[in-house]
Amino acid sequence: MDATLPILILAIPLGMFLVLGLAGYKMSHKLAGTLGCLGMGTTLVLAYVTAFTYFFSGSPEFVDAAGNRLQSLVFDHTWLAFTDKLVIKLGFLLDPISAMMLVVITTISFMVHLYSMGYMRDHHGVFERGFQRFYAFLSLFSFSMLGLVVATNIFQMYIFWELVGASSYLLIGFYFVKPSAVSASKKAFIVTRFADLGFLIGILILSFYTGTFNFTELTSAPVDGIADVFRVSEGTAESVRNIFLSRSSAAPVFLGGSVLTWALVLIFMGGMGKSAMLPLHIWLPDAMEGPTPVSALIHAATMVVAGVYLVARLFPLYLMETTALEIVTWVGALTALYAAVVACAQIDIKRVLAFSTISQIAFMMVSLGVARPEVHEGLGYMASMFHLFTHAMFKALLFLGAGALIHAVGSNDYTAMHGLRKHMPITNWTFLIGCLAIAGIIPFSGFFSKDEILSSCLGNSTVVYVWMSLVAGLTAFYMFRLYYLIFWWKEHKVHEGHHAPHDQPWTMTLPLVVLAAVSVVAGFIPFGKLVTWNGEPYDFMAHFDWSVAGVSLFVAVAAIALATVMYRKENELPAKFRAALPALWTWAHHRFYWDELYMFITHKIIFNGICRPIAWFDRQIIDGTMDAFATLANKASRAIKPLQSGQVQLYVWWYLLGALVLGGVTALCLL
């Protein structure tokens with residue numbers, strides 16, 4: 001493939017960031033928004049052309065003789081060369097998951113750009129240049145995320161990984177006059193920095209033992225079942241041929257685990273931070289302080305799936321050390337259940353969707369964790385990527401729908417939104433489609449991707465399958481709880497002086513309609529023929545397990561029925577439920593006090609128990625010792641100051657006294 005289109009895919013968002021960031025203050029809001037939309041729209045078209053060419057052109061550059069899809073280095077430019085092996089390159093890697101992510105990122109980003117033309121027009125408040133600055137930050141984020149998914153090596157991924165963190169910090173704290181937004185942006189930045197430290201250490205360990213950063217050398221060769229050693233293709237680095245030999249006695253070992261295990265777990269730690277897995281999830285709910293379009297872009301479809309993409313990118317390495325995959329599985333399973341329970345007790349609609357995002361990302365992690373070549377030909381890998389794709393569409397739809405509701409009502413609290421179906425019919429129907437998709441109701445897209453994940457779980461572990469089925473039921477329950485409380489329940493009277501809620505202008509409504517349409521039909525995409533773990537096409541519809549689908553569909557319908565009984569009309573059942581389980585409700589409403597736990601650890605233990613004694617030691621002992629030296633020096637100087645009186649007679653006396661003392665000492669030594 002010619003490098004022109006891939007270069008433009010990265011250059012246009014970067015160029016729009018520079019133009020809007022440097023010259024945006026001279027532009028009107030309409031011009032800045034139009035330029036931002038045109039730039040991302042052009043990037044969208046180029047990304048679609050690139051992905052279509054990769055998937056359907058049949059070029060030998062992308063498909064081998066057997067029909068398996070290949071990794072293709074469109075370009076790979078040496079940026080820094082420290083040694084023969086320590087070489088940092090910047091390039092463009094095209095393979096099934098990067099091509100898929102090009103479609104996801106540009107689609108959601110363009111919809112958010114268009115949606116923001118209406119949403120941010122009335123929400124920039126006191127920010128004279130806020131509108132232009134907002135579009136500049138959106139472009140920077142899109143550039144960072146695109147650079148991350150097409151990285152040819154893990155160090156390039158890390159560079160763009162940090163750029164994603166920086167741009168998300170800017171977007172979350174966009175309303176910088178709000179203390180809560182500033183606090184949320186700092187919280188997201190700090191938490192993910194701790195996670196990224198683990199990621200960096202994992203990169204250093206992995207590259208030290210393999211002698212390479214390049215994904216093609218690390219992951220392009222297939223893995224023979226769950227064998228310990230790659231079947232390495234010709235030309236692959238010799239160091240990878242015997243990479244770690246994770247279960248052999250010669251493998252590097254640290255604290256009972258192979259170095260490969262430690263490297264992969266540390267790399268996964270970076271993914272835990274970006275994807276908000278327990279216990280590094282605390283930043284995501286607070287990040288809802290950012291504008292709602294930011295929530296849709298960053299916290300529904302792109303940034304939070306970076307951790308999933310990272311594990312998927314290094315999946316052949318994870319297959320070599322299944323201990324790391326077990327950790328991925330159970331971290332994901334615990335996170336999914338936790339987030340689903342918490343979502344059932346939130347009253348802020350954006351926080352419900354935030355915890356829903358955490359739970360759904362955890363679904364993808366679990367799917368990767370249970371994926372094995374011998375279990376339905378690696379179904380879990382394909383299912384994870386499929387759910388990433390479908391979830392991006394319906395969760396962005398739900399967040400943008402929430403933004404339309406907030407824009408109309410002026411509140412994030414669902415208690416101010418009852419009975420809106422009559423006033424906002426388009427928002428009502430599109431939001432309902434999003435709820436049906438995430439609940440896994442046939443024929444919506446979430447039904448297919450979720451059930452493929454459950455099938456892969458059943459093939460690996462019955463316990464994990466039952467666990468995730470419970471989470472799927474909770475998902476259907478809390479989403480329809482949210483839907484009924486917003487659009488049904490009892491209707492609020494419009495306060496005097498306030499206009500009645502209504503559907504938003506076309507710039508906000510069109511993205512809802514488009515994403516709703518995609519959420520209806522995306523499940524029928526032959527995803528298994530496009531994206532699989534080893535490049536071989538997989539017809540998942542031919543292997544679709546209708547017994548698993550039937551059970552999950554029954555669970556989802558039962559959960560929706562329960563939500564309908566409890567929340568479709570105003571009644572006392574929710575209050576009775578809270579009264580029956582007050583402790584569970586309180587703990588879930590307060591997110592099981594994770595924030596309080598972190599505050600206790602940081603303030604009571606680290607700051608008061610560790611930092612304060614260290615500060616006292618520094619001030620009293622270290623500084624005190626230095627101050628004592630200074631005091632003694634001052635006193636000594638004052639004591640000998642008379643010796644420099646300027647009187648010659650005194651100098652003679654001191655000279656004679658010194659001579660006598662010196663003579664006496666000499667005489668004693670001679671004796």
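The values are calculated or read from the model by the stated rules, or taken from the named source; none is laboratory data. Note that the coordinates shown come from a computational prediction; the quantities given were computed from them, not determined experimentally. Because the Cβ atoms are built from the backbone with ideal geometry, glycine has one as well, and the counts that use them run over all protein chains shown. These area figures cover heavy atoms from the full protein model, side chains too; ligands, DNA and RNA do not enter into them. Shrake-Rupley method; radii C 1.70, N 1.55, O 1.52, S 1.80 Å.
Computed values, structure above
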quantity: Counted charge near Ala296, where neighbours are those whose Cβ lies closer than 13 Å (Asp, Glu -1; Lys, Arg +1); calculated: +2
quantity: Potential lengthening between Trp654 and Ile347 on full extension [0.36 nm per residue; Cα-Cα distance subtracted]; calculated: 101.7 nm
quantity: Computed [θ] at 222 nm, helices only, for the chain once each DSSP H run of length n ≥ 4 contributes -39500 (n - 2.57); calculated: -21000 deg cm²/dmol
quantity: For region 41-102 and region 385-459, distance of Cα centres in Å; calculated: 32 Å
quantity: Cα-projected label distance for Val177 with Ile442, points at 7 Å along beta-carbon direction, nm; calculated: 5.4 nm
quantity: Cα-based shape type of region 92-191, given that a ≥ b ≥ c are square roots of the gyration tensor eigenvalues and the cut on a/c is 1.5; calculated: oblate
quantity: Those chymotrypsin sites (Phe, Trp or Tyr not before Pro) in region 163-200 that DSSP places in a loop and that have at most 15 other beta carbons within 10 Å; calculated: Phe176
quantity: Per-residue HN-Hα couplings for region 546-562 [Karplus 6.51, -1.76, 1.60; θ = phi - 60°; Hz; x = Gly/Pro]; calculated: 6, 5, 5, 4, x, 5, 5, 5, 4, 4, 5, 5, 4, 5, 5, 4, 4
quantity: Difference of contour (0.36 nm per residue) and Cα-Cα distance, Leu584 to Val49; calculated: 187.5 nm
quantity: Selected from Ala476, Gly446, Thr390, residue furthest toward positive end of dipole (region 366-490; charges at beta carbon); calculated: Ala476
quantity: Label-to-label distance, nm, for residues given as Ile640 and Ala561 (7 Å Cα→Cβ offset); calculated: 9.8 nm
quantity: Proximal charge balance of Tyr381 [Cβ under 12 Å; K/R count +1, D/E count -1]; calculated: -1
quantity: In nm, spacing of pseudo-spin labels at Ala23 and Phe592 (7 Å Cα→C-beta vector); calculated: 5.2 nm
quantity: Solvent-accessible heavy-atom area per residue, rounded to whole Å², over the chain at 1.4 Å; calculated: 41 Å²
quantity: Spatial separation of Cα centroids for region 575-630 and region 300-326, in angstrom; calculated: 33 Å
quantity: Protein accessible area in the chain, 1.4 Å probe - carbon and sulfur %; calculated: 69 percent
